[in-house]
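Visitor: Sharing a structure here in structure tokens format.
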Amino acid sequence: MTLVVTGGAGYVGSVCARHLLDAGNDVVVVDDLTTGHRDAVPDGARLVVGDVADVADEVLGAGDVDGVVHCAARSLVGESTEQPAKYWHGNVVTTIALLDALRRHHVPRLVFSSTAATYGEPETSPITEDAPTRPTNTYGATKLAIDHAIGNYAAASAGGLGAVSLRYFNVAGAHTGTTGVPALGERHAVETHLIPLVLQVALGQREEIAVFGDDWPTPDGTCVRDYIHVDDLAEAHLLALDLLARGEAPDGGHLVCNLGNGTGFSVLEVIEACRRVTGHPIPARVAPRRAGDPGVLVASSARARDQLGWKPSHTDLDGIVADAWAFARSR
Ligand code: UFG
């Protein structure tokens, strides 16, 4: 297949592009390189530099594109609340432009990077896809709006567009290629994610890690999250494209699937895992809760398993951290 990966110079997008290439597809990466890195675009992919809305017609009109994996997004939760316009334009307006271009050029398949942030503070755990969606930040609200738009476009296309929204939980780890050295991993100019921040302490790049709250209603009082290895996440995108190629999208043409390991780890458990893997004492200090953080976010992966045939293979937290650590040390 010929597939377009938007945001393919970013963390998740580059790993998805790598997996798609390894499976024998032709891949075109679209990325404006504002947060992505040119050298993260996997060998073998063609890079088109530009905003998705600006280049969609050029890329999709050029030939027989079989599908789009749409990862390009603004994705900083804190920033989204401070600068909502950047998120409503950058995420929602851009994706509507992409959806219009998909329709104009009769592209039949779309896989979208959605997020657990669409659910907000859950009432039950693990979270299933029919749980209430009440995002607590602008980032989650924009991704939820896009999920709705995709559902509407797919339903109105009379079978012309099939789509899968994958709601990622906490993506972590790094892509380990055939060399065994992780080549693609997380490197954000502004890092806000727990595992890379903790590893920065082990690398001597920061003094300590702040633990955002120890008074949550969890066993050790710190927030619990569901960490999923980026290679497992990428595989789900391939399975989603397979399902769409088989014409097995549900009625209405849009499937929403959570992607997580189904197991929660607390902030303190993550820090302990980082200590084991790095051998560094990693000083930690309790800090106030971070605004908008839910206490517990754990995915039910039942639907991904049943509908996509997806099963994560990297369920061991130390293994996920070890890949992230190997990548961090290689930079
Ligand atoms: N945390 C700390 N200290 C830090 C950084 C994070 O204690 O310095 C805690 C957070 O409070 C949270 C956990 O570590 O409890 C994980 O935080 P991350 O920032 O790594 O990830 P989030 O759970 O906040 O965010 C992830 C994705 C988002 C997505 C969200 C769903 O990165 O894209 O899950 O709520 F929106």
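This table checks each residue for (1) within 16 Å of the ligand (Cβ to nearest atom); (2) free of Cβ contacts under 8 Å to residues at least 24 places away in the same chain; (3) open to solvent by 60 Å² or more (accessible area, probe 1.4 Å).
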residue: G78; (1), (2), (3): yes, no, no
residue: H106; (1), (2), (3): no, no, yes
residue: L110; (1), (2), (3): no, no, no
residue: T115; (1), (2), (3): yes, no, no
residue: G120; (1), (2), (3): yes, no, no
residue: P126; (1), (2), (3): yes, no, yes
residue: D130; (1), (2), (3): no, yes, yes
residue: R134; (1), (2), (3): yes, yes, yes
residue: N137; (1), (2), (3): yes, no, no
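Visitor: Next up: Going residue by residue through region 235-252, is there one that turns out to be open to solvent by less than 20 Å² (accessible area, probe 1.4 Å) and within 13 Å of the ligand (Cβ to nearest atom)?
Guide: Quick first cut of region 235-252, residues open to solvent by less than 20 Å² (accessible area, probe 1.4 Å) only: 236-237, 240-241, 243-244.
The next check asks that each one be within 13 Å of the ligand (Cβ to nearest atom); those that pass are none.
There is no residue in region 235-252 that is open to solvent by less than 20 Å² (accessible area, probe 1.4 Å) and within 13 Å of the ligand (Cβ to nearest atom).
Visitor: Testing K311 on (1) more than 11 Å from the ligand (Cβ to nearest atom); (2) surrounded by 18 or more Cβ atoms within 10 Å (Cβ to Cβ); (3) assigned to a loop (DSSP other than H, G, I, E, B); (4) of a type outside the set (S, T, N, Q), one condition comes back false. Which one is that?
Guide: Exception for K311: condition (2).
Visitor: How many of the residues making up region 178-227 are part of a loop (DSSP other than H, G, I, E, B), of a type in the set (A, V, I, L, M) and modelled with pLDDT of 95 or more? Full working, then the answer.
Guide: Residues of region 178-227 that are part of a loop (DSSP other than H, G, I, E, B), as a first pass: 178-181, 185-193, 203-208, 213-223, 226.
Cutting the leftovers down to of a type in the set (A, V, I, L, M) gives us 181, 189-190, 203.
Among the residues that remain, those that are also modelled with pLDDT of 95 or more are: 203.
Going through region 178-227 one residue at a time, the tally reaches 1.
Visitor: Out of A149, A145, A158, A154, which single residue is out of contact with any Phe, Trp or Tyr (no Cβ under 7 Å at 6 or more places or on another chain), part of a loop (DSSP other than H, G, I, E, B) and more than 13 Å from the ligand (Cβ to nearest atom)? Can you show your working first?
Guide: On the way: A149 fails: part of a loop (DSSP other than H, G, I, E, B); A145 fails: part of a loop (DSSP other than H, G, I, E, B); A154 fails: part of a loop (DSSP other than H, G, I, E, B).
A158 is the lone residue from the list that is out of contact with any Phe, Trp or Tyr (no Cβ under 7 Å at 6 or more places or on another chain), part of a loop (DSSP other than H, G, I, E, B) and more than 13 Å from the ligand (Cβ to nearest atom).
Visitor: Quick one: count up the residues across region 20-38 that are open to solvent by 20 Å² or more (accessible area, probe 1.4 Å) and closer than 12 Å to A234 by Cα.
Guide: Residues flagged as open to solvent by 20 Å² or more (accessible area, probe 1.4 Å) and closer than 12 Å to A234 by Cα within region 20-38 amount to 3.
Visitor: Looking at H19, H89, which is the one that is more than 18 Å from the chain's Cα centre (by Cα) and outside any loop (DSSP other than H, G, I, E, B)?
Guide: Numbers: H19 fails: more than 18 Å from the chain's Cα centre (by Cα).
Being more than 18 Å from the chain's Cα centre (by Cα) and outside any loop (DSSP other than H, G, I, E, B) holds for just one of H19, H89, which is H89.
Visitor: Would region 289-306 turn up any residue that is part of a helix (DSSP H, G or I), touching a Ser or Thr at 6+ places or on another chain (Cβ under 8 Å) and surrounded by 17 or more Cβ atoms within 10 Å (Cβ to Cβ)? Can you show your working first?
Guide: At the first step, the residues of region 289-306 found to be part of a helix (DSSP H, G or I) are 302-306.
Still in the list and also touching a Ser or Thr at 6+ places or on another chain (Cβ under 8 Å): 302-303.
With the extra rule that they be surrounded by 17 or more Cβ atoms within 10 Å (Cβ to Cβ), the set shrinks to 303.
Looking for residues that are part of a helix (DSSP H, G or I), touching a Ser or Thr at 6+ places or on another chain (Cβ under 8 Å) and surrounded by 17 or more Cβ atoms within 10 Å (Cβ to Cβ), one finds at least one in region 289-306, hence yes.
Visitor: Against the conditions (1) buried (at least 19 other Cβ atoms within 10 Å of the Cβ); (2) over 17 Å from S165 (Cβ atoms), where does D66 fall short? Just the number, please.
Guide: (1)
The values are calculated or read from the model by the stated rules, or taken from the named source; none is laboratory data. In this text the structure is predicted, and so the values were computed from the model without any measurement. Positions of Cβ are backbone-derived with ideal geometry, glycine not excepted, and every protein chain shown enters the neighbour counts. We work out accessible area using only protein heavy atoms, side chains counted, and drop any ligands, DNA or RNA first. Shrake-Rupley method; radii C 1.70, N 1.55, O 1.52, S 1.80 Å.
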